[in-house]
Structure formats: C-alpha cells, structure tokens
Amino acid sequence: MRQKDIEHFKKILTNHLKELLIQLGDTVSNMTTPRENLQDPADRATIEIDRKFMLLIRDRERQLAIKISKTLLRIENGTFGICDKCEEEIAFKRLEARPVTTQCIDCKAKEEAYENALGV
C-alpha cells in the first residue's frame, strides 16, 4: 500500500477516535451530574431506559475506539492492510468501507460461513 494511502487512513482513524473519546467523556460527565427528582414512576422509568440505551451506544463506541487504537498500532508497525489469516493485502475498497478490518473479504466470508454453520 502506498504511503499516501496509509496517511489517508491514519488521518480518518485519528479523527474518528478523537470524536469518540469526546463523546465518551461527555457521557461520563452527563451521568455524574445530579438528576431531577421525579415523582412520577413513568417519568423515572423513561429516563432510566434512555440512560441505559445511551450506555449501550457508548459501550459500542468504546469497543470501536479500542479497534481504532489497535488499527493505528498496525499502521505504526507496518501491518495495516494485511489480512491476519492469509497475509494477503486487503482490498483498498474494503479498507475504505471498514478501516478497522483485519481480514480480507474472502477470509471474513469464510469465517462468517463457519460461524453460521456452527450456529454462533
């Protein structure tokens, strides 16, 4: 892969990671601020459901932030864009669609087919 392409992905990933970290920080600060003492149980339940939903979203974003960090490490050590399974180069279009991927489309398809066969 060309250095220009690697820098392109590094910039995208770095910016995305910064955005995720800001959002995660905002969620933590919003969760620690005092909430209104609502008397209506339905209002309290609605707020609690919204809070749980937000935590679920933020947990998925946290997991993505970890994947992005690992991908940035792969960029630094020169293994970015190389499939973990077959060690072939991952197609540029696949990386454009999912820069944190670690497998080429063929290896990922085989893995998913195997998982589906097992019922995982």
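The values are calculated or read from the model by the stated rules, or taken from the named source; none is laboratory data. As the structure is a computational prediction, the values presented were derived from the model and not from experiment. Methodologically, a virtual Cβ is constructed for each residue, glycine included, from the backbone with ideal geometry; neighbour enumeration extends over all protein chains shown. Surface areas here come from the heavy atoms of the whole protein model, side chains and all, with no ligands, DNA or RNA. Shrake-Rupley method; radii C 1.70, N 1.55, O 1.52, S 1.80 Å.
Exactly one residue among GLY78, GLY119 is open to solvent by less than 70 Å² (accessible area, probe 1.4 Å), modelled with pLDDT under 85 and not acidic (Asp, Glu), and that residue is GLY119. Just so you know, in the stretch 43-58 the residues that are free of Cβ contacts under 8 Å to residues at least 24 places away in the same chain and under 16 Å from the mean Cα position of the chain (by Cα) include one that is most open to solvent (accessible area, probe 1.4 Å), and it is LEU56.
Considering (1) open to solvent by less than 90 Å² (accessible area, probe 1.4 Å); (2) of a type in the set (Ser, Thr, Tyr); (3) modelled with pLDDT of 90 or more, the lone condition that TYR114 does not fulfil carries the number (1).
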